[in-house]
Amino acid sequence: MSIINVSIIFLIAIFAVNIDAGVGKTITMDPCLESMKTASLPDLPYAYDALEPAISEEIMQLHHQKHHQTYVTQYNKALGKLRSALADGDHSSVVKLQSLIKFNGGGHVNHAIFWKNLAPVHEGGGKPPHDPLSSAIDAHFGSLEGLIQKMNAEGAAVQGSGWVWFGLDKELKRLVVETTANQDPLVTKGSHLVPLIGIDVWEHAYYPQYKNARAEYLKNIWSVINWKYASDVYERNNRDQTEI
Amino acid sequence: MGRGWVGDGSGLTGWRRFSRKVTVSGVITAGFELKPPPYPLDALEPHMSRETLDYHWGKHHKTYVENLNKQIVGTDLDGLSLEEVVLLSYNKGNMLPAFNNAAQAWNHEFFWESIKPEGGGKPAGELLRLIERDFGSFEDCLERFKSAAASQFGSGWTWLAYKANRLDVANAVNPLPKEEDKKIVIVKTPNAVNPLLWDYSPLLTIDTWEHAYYLDFEVPSKCQMIFTKFESNGSHRVVFYAEPKSSIHKHIHGQACVMGNGKLKARIRNG
């Protein structure tokens, strides 16, 4: 009996080794691509109606479940095609896919930041930032009000679709206000730029509630802006600088 | 709506349509009109709701016209036709501040005429022949138009346009124009840009800014909206007829196009 057991164990061991060996053999492309991580729609950290009255439940639902989801879906589709093109060495397809990746990937990246930029009032939304971000804002813009006015002016002036950003230039150690077109992430305006707050000024971000009154939307959104998140990102990125 | 015969030395001659200017105490000032769509605001239901028209025409289009007038009063652009303001403010890509408002005013005016109640169907006559020549079939053209409109990144417009004798090089004029150079094309433009800037003659347009469809359709049905609206497009209103004149005409307003030597001329028939 024990001999049979040992034999069975021995056979299983051999079999297991063979299985291990088999897995590594069939791939012809770079193993890096196998583990390509796709994007997924992040959950909102609050309920859809939690940002009322600044942003309506209807908008939050559409914005998250339809728009952001579509960017995620299309981005993953483009990544899949990119993987095949890379595997085939089809370089013109690789190049051709870049605009789809930039647009949909940018849409995913930007909206993922945006949800964190917002918070219900009872969870700190609208509460002004504390130091060190607060002092930095005063130094660069005169006051928090000054920053908000600049953001709103730039946001209102975006023609067509885009974003207005409050960011940190890690290299120049400066706070900046920038705008980007369509779904271009802030980093397209400078590789050292870190987004602290982004406000979506695509019409879908405000139309059902505000119609064409973008300025009104920009005025109201500050009551649900999550300064705590912006402060955390600022401190984290400022700290990295001094540690070098 | 005024019409004037333009015979300037630039080689562009022909009937030109422009928005009427308002004269105040003998001095011509910037006064482009907000021209209403040529049908009641609820006439496009159920494809486009009255609410959308109220906002799209009554707020968006109106704001472009009002802001344009404020921007150009007392400047060099004051007193020119809308088309001229668009072309001059485009400034070969280095846009002047008035461009956005001027081009959007023009685009929206053209848009309201591109659609009509009980519109749709198929084009006929010469336009159909050209579409079949350049796209194979009207259905194919329609499919390509829909997919162009649905694949716009961000805000913009999708156009059916006539491309005259031009090399595909900016500011070039083809020295040896051939029949094959003239064709019907589908073009996408971002934000306020329109194909007048490339010397194309627009035939039809669809607004693919989100404000054009958001109240009625929201996101996933954008394709449905495009289909529905194209079906409402009055493409049969573009009439081609033979004209025995020998001089070359060109219609800046984009509602007509020329096939060289004045052999054929197209004009949007009103009403």
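Values in this text are rule-based calculations from the coordinates and carry no lab data. Remember, predicted model here, so these are calculated numbers, not experimental data. With ideal geometry, Cβ positions are generated from the backbone for all residues, glycine too; neighbour counts draw on all protein chains shown.
Report the Cα centroid-to-centroid distance between segment B:47-72 and segment A:127-167 in angstrom, as an integer.
Comparing the Cα centres of segment B:47-72 and segment A:127-167, I get a distance of 30 Å.
With only alpha-carbon atoms counted, please give the Rg and Dmax of segment A:123-239, in Å.
Cα only, segment A:123-239: 13.8, 41 Å (Rg, Dmax).
Using r as the Cβ-Cβ distance of B:D42 and A:A153, and R0 as 45 Å, what FRET efficiency do you calculate, to the nearest 0.05?
0.75
How many nm is it between the label spots at A:K127 and A:K189, if each spot is 7 Å from the Cα in line with the beta carbon?
Taking the simple label geometry, A:K127 and A:K189 are separated by 2.8 nm.
How far is it, in nm, from the label point at B:F138 to the one at B:K183 when both lie 7 Å from their Cα along the line to the Cβ?
2.1
Compute the signed sum of charges (Lys and Arg +1, Asp and Glu -1) over the other residues within less than 13 Å, Cβ to Cβ, of B:F99.
-1
Using θ = phi - 60° and the Karplus relation 6.51 cos²θ - 1.76 cosθ + 1.60, list the HN-Hα couplings for segment A:125-130 in order, rounded to whole Hz, with x at every Gly or Pro.
Each residue of segment A:125-130 in turn: x, x, 6, x, x, 9 Hz.
Given a Förster distance of 51 angstrom, what is the FRET efficiency for A:Q65 paired with B:E84, based on the Cβ-Cβ distance and rounded to 0.05?
0.65
Taking only Cα atoms of segment B:50-212, what ratio of Rg to Rh do you get with Rh as the Kirkwood inverse-distance radius?
The Rg/Rh ratio comes out at 0.98.
Using a 7 Å offset from the Cα along the Cα-to-Cβ direction at both A:L172 and B:K122, what is the distance between the two label points in nm, to one decimal?
For the pair A:L172/B:K122, the computed spacing is 6.0 nm.
Test of understanding: what is the full-extension gain from A:K219 to A:S92, defined as 0.36 nm times their sequence separation minus their Cα-Cα distance?
Once the chain is fully extended between A:K219 and A:S92, it gains 41.2 nm.
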